[in-house]
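Working notes for the structure below.
The values are calculated or read from the model by the stated rules, or taken from the named source; none is laboratory data. Predicted model, so just to flag it, every value in this text is computed and none were measured. Cβ coordinates were reconstructed from backbone atoms using ideal geometry, including for glycine residues, and neighbour counts include every protein chain displayed.
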Amino acid sequence: MELPPHEINQQDDLFDSPDPRDRQVIDLDTFNLLDEEGREQCIYDKDGYRIPRRDAIIDESEETAAMLFDLPALDRLFEREDHEGESNPRLYLYPIGCLRNVGQFQAHALFNAFEPLLRKLNHRLTQEDDDDDNDDDDDDEEHLLAPGSCSIVRGSYSQGYNAYTHRVRSGARFHDAQKGMITAAFAGTHVTGGSNLTKANVMWDLCKTSLPFDRYHEKITDTHMDESLRLENLYTIDVNKLQRDQRRGR
C-alpha cells in the first residue's frame, strides 16, 4: 500500500539517490511511486538512508511460506559499479529442495546498501581530535563516499537464510533428507570391511525407525517455527588505525 505524502517524513529535503555526487531533490507530489517498468522509485534522506514509501498489508490469519532469496537477482545487491578495477564478490548460492532459483546465500562482502553507513563511520573515526568539538552533520559528502577513503571498519562477510532451516537440522551441516541415509542403507548389502559395514548398519537402523523425509515432515508439521528471513554481516576492525584514545574496547 502506498503511503500518502503527508505520512512520509519531510522535515528535510528528499532525494532520488543515496549518492550525494549524483542525486536530485524530489517533490513527493510529482515523483511517481513506480517507474515505466513497474519498479519502485526509492527516495532517500540527506544521509543516504532509504525512506519507505509503502506499508505492507499483512493478514495474520493467512498461512504463509517461509521467505527466501531470489538467487539469480542477488548479483544486483553486490554490484561494484563505483569501485574501479574491482570485480563483484563471489557468491555461494544454496537452493532449497528442488526450487533451483530460490534459497540462501553466503558472500565475502556486504550489500551495497551498507556502504554509505560504513564510509560515514570510517570518516568519523579518522577525524582528528581537534575536530571533535566541531563535529556535526556538515561532513564533506564527497569524501564520505570516496572509494579510496581509509577503512577502519570493513564489511568482510555476509549470509542470508531463513531461520527455519536451523531448526530442522539434526546436525551441524545437513538435514536428514540430505544425508543419503536410504542409499547408504541399501549399499550396505555390498560393502566389505568392518567400518563400512558398521556405518551401513547405523543407517539401516535409522531408516527402520523413520525414513528421512518422514523425519523432516514431522519437524515442520503443527509447529510454530520461526520463519523469519535473516541477514548476518561480519565486520573486521583494524585497531592499529584507530586513534589511541579510541582503543577502549567499546
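Please enumerate the residues belonging to region 29-45 that are under 28 Å from Arg119 (Cα atoms) and either assigned to a loop (DSSP other than H, G, I, E, B) or not acidic (Asp, Glu) (or both).
Scanning region 29-45 gives Arg39, Gln41, Cys42, Ile43, Tyr44, Asp45.
Assess whether Arg23 counts as being basic (Lys, Arg), within 27 Å of Arg119 (Cα to Cα), in contact with a Cys (Cβ under 8 Å, 6 or more places away or on another chain) and surrounded by 14 or more Cβ atoms within 10 Å (Cβ to Cβ). So that I can check it myself, show each step before the final result.
On the way: basic (Lys, Arg): yes; within 27 Å of Arg119 (Cα to Cα): yes; in contact with a Cys (Cβ under 8 Å, 6 or more places away or on another chain): no; surrounded by 14 or more Cβ atoms within 10 Å (Cβ to Cβ): yes.
No; evaluated as a whole, the condition is false for this residue.
Hey, which of the helices (runs of 4 or more DSSP H) in region 124-225, taking only ones fully inside, have at least 2 residues that are more than 25 Å from Tyr94 (Cβ to Cβ), of a type in the set (Lys, Arg) and at pLDDT 75 or above?
Because the criterion is at least 2 residues that are more than 25 Å from Tyr94 (Cβ to Cβ), of a type in the set (Lys, Arg) and at pLDDT 75 or above, the helices (runs of 4 or more DSSP H) in region 124-225 that meet it are 194-209.
If Gly38 passes every condition in (1) under 26 Å from the mean Cα position of the chain (by Cα); (2) of a type outside the set (Ser, Thr, Tyr); (3) at negative phi but one, which one does it miss?
(3)
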